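Here the structure is laid out as structure tokens; the discussion comes afterwards.
The values are calculated or read from the model by the stated rules, or taken from the named source; none is laboratory data. Keep in mind it's a predicted model, so treat the numbers as computed, not measured. No Cβ is skipped: glycine too gets one built from the backbone with ideal geometry, and neighbour counts run over all protein chains shown.
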């Protein structure tokens, strides 16, 4: 098995697959992609016409043609099947379906985060409050699921693909809240969410994929309204 992992460390979608590769101890060739440059090159677009990371280039046997896999959730499903024997989803079919639903519902959290960054605090204070409430509502999904499962992960004592789908985006929402709104993501009254996040913050494989603040903050400053940028001065 030959596997190459094309990714950008700053990309949360790519981080999903990076975390899983680390967790599964998969040997891979690392190919770092400079977003805005490499992903627009013809050679990359030939691999992924969408121009996005992550991308897996896989040759399962010497005589086989290389397979190209992209989209983070699809990449992780592939890694689960090949390297984990499909054990990274719940046992029962209905729960597996719900894990996939949760992975898709991350999009709601992403959407609210970017709406927050576009908020003009000088003109729309009420809008800011409402969006912060929406963030809390999105995180409540994690809180409720961890509570129902007994935790510390979304489906109980073992982590799943759904946990990894959420993790990079919770990391970035935490950054946005702390840097632009002076809010601590752990002070939102979501005790089971905190249990989940604290558990991951002790995971060495995940921690290896976390970038320092000075690498991530400039990315989100590009999306932030001028009024929010003044809060950083």
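Numerical summary
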item	result
Matching residues in the stretch 105-121 - criterion: being in contact (Cβ under 8 Å) with a residue 12 or more places away in the chain and in a helix (DSSP H, G or I)	105, 106, 108, 109, 110, 112, 113, 114, 115, 116, 117
Extreme residue, farthest from the chain's Cα centre (by Cα), among residues of the stretch 83-104 that are within 23 Å of residue 12 (Cβ to Cβ) and part of a helix (DSSP H, G or I)	83
The stretch 88-128, residues that are modelled with pLDDT of 95 or more, surrounded by fewer than 16 Cβ atoms within 10 Å (Cβ to Cβ) and closer than 15 Å to residue 227 by Cα	114, 115, 118
Hits in the stretch 1-22 - residues which are crowded, with 16+ Cβ neighbours inside 10 Å and modelled with pLDDT under 95	none
Some residue of the stretch 140-155 being without any contact (Cβ under 8 Å) to a residue 60 or more places away in the chain, in a loop (DSSP other than H, G, I, E, B), out of contact with any helix residue (DSSP H, G or I) (no Cβ under 7 Å at 6 or more places or on another chain) and within 19 Å of residue 98 (Cα to Cα)	yes
Residue in the stretch 23-46 that is surrounded by 16 or more Cβ atoms within 10 Å (Cβ to Cβ), modelled with pLDDT of 95 or more and under 13 Å from residue 72 (Cα atoms) present	no
Among the residues listed as 73, 35, 3, the single one being closer than 18 Å to residue 209 by Cβ and in a helix (DSSP H, G or I)	73
